[in-house]
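Right, one structure below, let's go through it.
Quick note: the coordinates plus some simple rules give every number you see, no bench work behind them. On a predicted model such as this, the values are computed, not experimentally measured, just so you know. In this analysis, Cβ positions are derived from the backbone assuming ideal geometry, glycine residues included, and neighbour counts consider all displayed protein chains.
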Amino acid sequence: MSYIRFRQHYLHISYLVLGLLEFGVLFVVFSLLTAVLSTIGVAHNPVEQGIPGGLLFAFILSCGTLAMGGYLSMVHESLPSLFFRTLVAYCLVGGIGLTLLYSVLPAVDPGSTNLLWAVLIASVSVVAIRLAFLRIVDSDQLVRRVAILGAGEHAAALLDEYQKNLRALGIRIVGCIPDTEHAVVPENQLFPIPYDLYSFCKSNRISEIVVVQQDRRRVENSYLATPELMECKLRGIAVTNGIDFYERELKKAKLDLVHPSWIVFSDGFKPSKTRSFTKRLLDLVISLSLMVIMFPFIVLTALAIFLETGRPILYSQNRVGMMGREFRIYKFRSMRQDAEKDGKARWASANDSRVTRVGAFIRNTRLDELPQLYNVIKGEMSIVGPRPERPEFVSELKEKVPFYDTRHYVKPGLMGWAQLKYPYGASVDDARGKLEFDLYYSKNHSLLMDLLIMIQTVEVILLGKGVR
């Protein structure tokens, strides 16, 4: 078992161990640097700075790593890219967080020069830790080897997603075991049909079988029937359903594998009055606080729009909210006044000519979304949830995308899981891809998940991801 489950979420032990190691390194770097500087008379109050200061320093920079996607991206990135991402996480995101912290708790502030040295030494140390950890945990000796049972279109899709996105720390999909004579998967990724499934798994060091068959009703008649899978599971080899594997590793519900019984009987999709009340309270606190903090940017954005293209400054649209109820959403206008002069709703496109220069900037920085804080205060939206869609598009998507209406059983939000994981949606296919992440959120959402989404949205804003 290479993961644990906490409040519906799969947490991979390797990433948890790495996070704890990095936290320890950050604490030690700050504490040792403070101790050294205090001995030469540069720092003051070493006890107060060294322990509480070290813990706060490590916590803020660890949040910066989460915000910039430092853990999940490390498997795919080159050394320069990894080091640059770490510097951005520590110097920019962490730097802003530490500046705000030290303005409230000046006693733990080591000084700007000392802080700069601490951040630089921490960056080098953490990158070295990650490279060593990656080499050990992702080695052929320790990696979890996974075989797919099935060789049809679903299995081919899983292999494709594994190669593009799924490649995670400590896991390898080593190939597919065909269950019928017809196979879509390329021949070089196929195993021969085994005579004894358990012996095959032992000889190939397979620790998990993922069942991804085109038609689950054919299992009894396939080359590898249920008794063989039962034997493997009873003898210590994990057997996992395809949709559960997607949920665990890619944090989404693969729409091709979703069926009504999964929604009805799965351990999820559970409303909670206590969670709803707490979430509503947090929505009010966060939205009112953001209104105050962002007020200067609200004024400057309104002024820039007025100077470039005049009135109106705000733009409103009907959107579909919780339980299918329509409401009026507000944004700063980022397009020309005649963007939809014929009254027909259109998807936004890449390099959309309707977007103004000011509009392009406020879209990249998400400043155009600030008026939606009013929708949050009114209770029509939440800080975190699926992004609300226009009624004209919802009517079309409900006909073309299965289970599309399930996203309307949770309150829409300013930021969402699909926004983090999927590019900007501007077509039926994009809506289908986003729904897979919205389904995952609807099934597993919690206050912890909302907090993680808020932290990770920092990367989306800083890098301008998913903007058109």
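Assorted remarks:
- Average 1/r across all pairs of distinct alpha carbons in region 3-137, invert it, and you get the Kirkwood radius: 15.4 Å.
- Principal axis extents of the C-alpha atoms in region 273-463 (largest first, rounded to whole Å): 45, 39, 30.
- Take the Cα of S289, step 7 Å toward its Cβ, do the same at Q317, and the gap between the two points is 3.0 nm.
- Members of K279/K331; K279/K400; K251/K279; K202/K443 lying beyond 30 Å, as alpha-carbon distances in this model show: K279/K400; K202/K443
- Across region 108-218, counting alpha-carbon atoms alone, Rg and Dmax equal 21.1, 69 Å.
- Most simply put, region 273-463 has about 80% antiparallel DSSP beta bridges, counting only bridges with both residues inside it.
- Two-decimal log10 I(q)/I(0) for the chain, as the Debye equation yields it once each C-alpha is a single scatterer, q = 0.06 Å⁻¹: -0.33
- Ranked list, fewest to most other Cβ atoms within 10 Å of each Cβ, for C63, C176: C63, C176
- Placing a label point 7 Å from the Cα of R325 along the Cα-to-Cβ direction, the residues of region 399-420 with a backbone N closer than 13 Å are 409-412.
- Between the beta carbons of A35 and I96, assuming R0 = 35 Å, the FRET efficiency works out to 0.85 to the nearest 0.05.
- Over region 273-463, relative contact order from alpha-carbon pairs under 8 Å, at least 6 apart, %: 22
- Debye intensity ratio I(q)/I(0), log10, region 217-314, q values 0.10, 0.12 Å⁻¹ (C-alpha model): -0.64, -0.74
- Mean Kyte hydropathy of 1.6 or more with a Cα span along the axis of at least 15 Å, helices from DSSP in the chain: 13-39, 52-67, 112-137, 295-309, 447-463
- Calculated SAXS-style log₁₀ I(q)/I(0) at q = 0.30 Å⁻¹ - region 400-454, Debye, Cα scatterers: -1.39
- D244, D283 arranged by Cβ crowding within 10 Å, fewest neighbours leading: D244, D283
- Neighbour counts of C-beta atoms inside 10 Å place V320, V184, V212, V17 in the sequence V17, V184, V320, V212, starting with the fewest.
- For the chain, averaging the sequence separation of C-alpha pairs within contact (under 8 Å, six or more residues apart) and dividing by the residue count gives a relative contact order of 12 percent.
- For R387, residues with placed amide H under 5 Å, excluding near neighbours: G413
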